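The values are calculated or read from the model by the stated rules, or taken from the named source; none is laboratory data. Just so it is clear, the model here is predicted, and its values are computed rather than measured. Neighbour counts run over all protein chains shown; Cβ positions are idealised from the backbone, glycine included.
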Amino acid sequence: MGTLKDGTLAAIKVLSADSRQGVREFLTEINVIKDIKHENLVELYGCCNNSLAQTLLGRGHSSIQFNWQTRRNICIGVAKGLAFLHEEVQPHIVHRDIKASNILLDKDLTPKISDFGLAKLFPANLTHISTRVAGTEGYLAPEYAIRGQLTRKADIYSFGVLLLEIVSGRCNTNRRLPYEEQYLLEMAWKLYERGKLVELVDASLNGDYSVEEAHRYLKIALLCTQDMPKRRPSMSTLVNMLIGEIDVNKEEISKPGLLSDLLGLRVDKGEKDKASAVSGDSSKLDHSSFSSGNMTTSYATMTFNSIFDRSN
C-alpha cells in the first residue's frame, strides 16, 4: 500500500524474484487492466518505463530515444543515488548488484536504483566485510569475486561498467560479436591505449553529443574499473567528475581489473578453441584456491558461473 503524490491511495505491485508469477503473466495482467474502469475493479494508475536493460541496451522493444542529455542525466542520477548510499546513510549501504536491469526509469526518465535484495549494511568502522560472493557476471569487481571481501569499491566498479554501457549503448558482454569485441571493458581499454576511446560512443547518437563530455564519461568509467580498488574514486568524487567540477584529465588511469586476468583465464584469439576444448563454455575453478596472497588456478570443482549468485 502506498500514497501517490496527489494523495491517491494505491496498491503498488512489483514482480518479485521469488514470485511464482512469471514475467509473461505479470505483463498480461497489466495489459488486461490498463484500459478498463469499473467501481469494483482495480484501476491502473501507471507503471514505470522499465529498466535501462530493457530500454537502452536492446533487451526489449522500446520507443524511447536516449539522446546525450538523457544519458548524461541518468549517469549523474545513478551516481548521486550511490553516493547517498555509500556516504550519507548511516550505516552505509553497499548495493552489490548495480547493473542496467536494476536501474528503473520513471516517466521523466529519471533513474531509480532498485533491487536491494543483495545489499549489505556497512558500518563506518569496518574496512571490508567478508561475505558470500553475490552479484551479476560482467559487473562484478574481480577482487570481490575472488576473495569475497566486500567494500564500497565493488559498487564503484559495477558503476563504471554501467557507465560504459550507457555511453556506448551496448551490453558489457555480447558473444555474438567478433571475439575481440565481445567484452566492453576490454574493448574500452584497448581503444584508450590507442587514443581512440571516443569511438566507443553509441553511433545511434549520430554525432549529436558533446565529444569532450562523452570522452570524459568514458575515462571516468575506466577510473571506476581500475585493477587496484584503492585507485577507484569515491562516489561523491565521481559525481563531481561527471558534472565537470573535477578535471578528469589530471587523473592517471591504470589498467582495468578483469576477472579473467586474475584467474589466469585470459587467452589470445588463436588459443580460444584450445581453451574451449579444455573448459567448455565455462572455465572451471576451485573458489577456495584463491587468496589475496596466492593467485593460483585449479581446474577442479566449480564452474565459473557458479561463483555468482544471480538475481536476474
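Annotations for the structure displayed:
- Any hit, the stretch 51-62, residues being modelled with pLDDT of 85 or more and surrounded by fewer than 17 Cβ atoms within 10 Å (Cβ to Cβ): no
- Every residue from the stretch 31-49 that is modelled with pLDDT of 70 or more and in contact with a strand residue (DSSP E or B) (Cβ under 7 Å, 6 or more places away or on another chain): TYR45
- Condition check for ARG194: of a type outside the set (Gly, Ala, Ser), more than 16 Å from the chain's Cα centre (by Cα) and surrounded by fewer than 15 Cβ atoms within 10 Å (Cβ to Cβ): yes
- Any hit, the stretch 115-131, residues being closer than 25 Å to THR70 by Cβ, touching a residue at least 12 places away in the same chain (Cβ under 8 Å), assigned by TED's automatic domain parsing to the domain that holds MET228 and buried (at least 18 other Cβ atoms within 10 Å of the Cβ): yes
- Cβ-Cβ contacts under 8 Å between residues 6 or more apart (or on different chains), taken from a first residue in the stretch 169-182 that is surrounded by 11 or more Cβ atoms within 10 Å (Cβ to Cβ) to a second residue that is assigned to a loop (DSSP other than H, G, I, E, B) and among the hydroxyl-bearing types (Ser, Thr, Tyr), are listed as ASN172/TYR139.
- When the residues of the stretch 1-22 are filtered to those that are hydrophobic (A, V, I, L, M, F, W, C) and under 21 Å from LYS107 (Cα atoms), the one that is modelled with the lowest pLDDT is LEU15.
- LEU164 being out of contact with any His (no Cβ under 7 Å at 6 or more places or on another chain), crowded, with 21+ Cβ neighbours inside 10 Å and assigned by TED's automatic domain parsing to the domain that holds SER254: yes
- Number of residues in the stretch 141-160 that are surrounded by fewer than 24 Cβ atoms within 10 Å (Cβ to Cβ), in a loop (DSSP other than H, G, I, E, B) and not polar (S, T, N, Q): the value is 1.
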